[in-house]
């Protein structure tokens, strides 16, 4: 750090290396902008657009993973109806909504059956090897 101040104080002979150093720093900041900052701004802009497009009747998911249907919107507060009980209404900040989507309530029976078969086969193999 002290060497940098000495080079700046001398002013002569080290000018070309200082220009290279400044160019390196500018290139580094440009790289960081295009790799880190720009994609984050794009994602934030998409989230802001999604949150501003929410309307009454949409099914939404909160940041906590709760699904609900939008009943009312007052300023930045969204009133959600949660679960199958229609009397449960919860006010939530618009910024706490993660996505506009329906919950996937389908049950894949074939996958569950295969998992049970694999587990039972593993247990039977272990019990046979222990005897």
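No value in this document is a laboratory result; all are computed from the given coordinates. This is a predicted model, so every value here is computed, not measured. Cβ coordinates were reconstructed from backbone atoms using ideal geometry, including for glycine residues, and neighbour counts include every protein chain displayed.
In table form, for the structure just shown:
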| quantity | calculated |
| --- | --- |
| Computed lengthening from residue 21 to residue 105, 0.36 nm per intervening residue step minus Cα-Cα distance | 24.4 nm |
| Label point at residue 86 placed 7 Å out along Cα→Cβ; residues across segment 62-79 whose backbone nitrogen lies under 15 Å | 69-72 |
| Segment 55-100 - Kirkwood radius from inverse mean 1/r over Cα pairs (Å) | 10.2 |
